[in-house]
Amino acid sequence: FYFDISSPYSYLAFKCVLWNSPFWAPKFVIDHQPVSLTVLNRRHETIPAYLIPMKAKYTRADLQRCSIYYNVNFKMPSNVVELLHARTADARGILRILKNQFGESYCVKTANLFFEHLWQSDGVSRG
């Protein structure tokens, strides 16, 4: 399962995978892989949806619909553009180290915390 911490759609999918993994476990193993959509977009010369006004407007509404449908707590951060431009390489690096050194479960638990901070608490550091 490839995911990007800075992607709200990855967040929604991650939650669905997390909730359903006990049912899937007997049939297959889920291998969580943190990736960068920014790198993939550059490599394939695609423009992120949030940079295209009509797609950005649709995406906001679609994310709200999806969060209701999948019953996932979701809050679009007020600084979403800044957040999407933020460097998430550190978070991806931490997740990869945890996975390689301590195992899949540490990666998943930490990714869940990162996702919840970004997509449930307005993505703003408190403290």
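If the stretch 1-94 were replaced by its equivalent ellipsoid, with semi-axes equal to the square roots of 5 times the Cα gyration tensor eigenvalues, what would those be, largest first, whole Å?
24, 18, 12
What does the extension gain come out to for Ser21 and Asn71, with contour length at 0.36 nm per residue minus their alpha carbon separation?
Extra length from Ser21 to Asn71 when fully extended: 16.4 nm.
Quick query: amide H of Gln33 versus all other amide H atoms, modeled in the peptide plane; which residues come in under 5 Å with a sequence gap of 5 or more or a different chain?
Tyr2, Phe3
Full extension from Asp31 to Leu113: what is 0.36 nm times the residue separation minus their Cα-Cα distance, to one decimal in nm? Before the final figure, lay out the partial values.
Working: separation 82, 0.36 × 82 = 29.52 nm, distance 1.78 nm.
Between Asp31 and Leu113, full extension yields 27.7 nm more.
List the lysines whose alpha-carbon lies under 27 Å from that of Lys55, not counting same-chain residues fewer than 8 positions away?
Lys15, Lys75
Could you put Met54, Met76 in order of accessible surface area, largest first, with the 1.4 Å probe and the full protein assembly present?
Met54, Met76
The values are calculated or read from the model by the stated rules, or taken from the named source; none is laboratory data. Not measured: the values here are computed from a predicted model. To get the accessible areas, we keep the full protein, side chains included, count just its heavy atoms, and leave off ligands, DNA and RNA. Shrake-Rupley method; radii C 1.70, N 1.55, O 1.52, S 1.80 Å.
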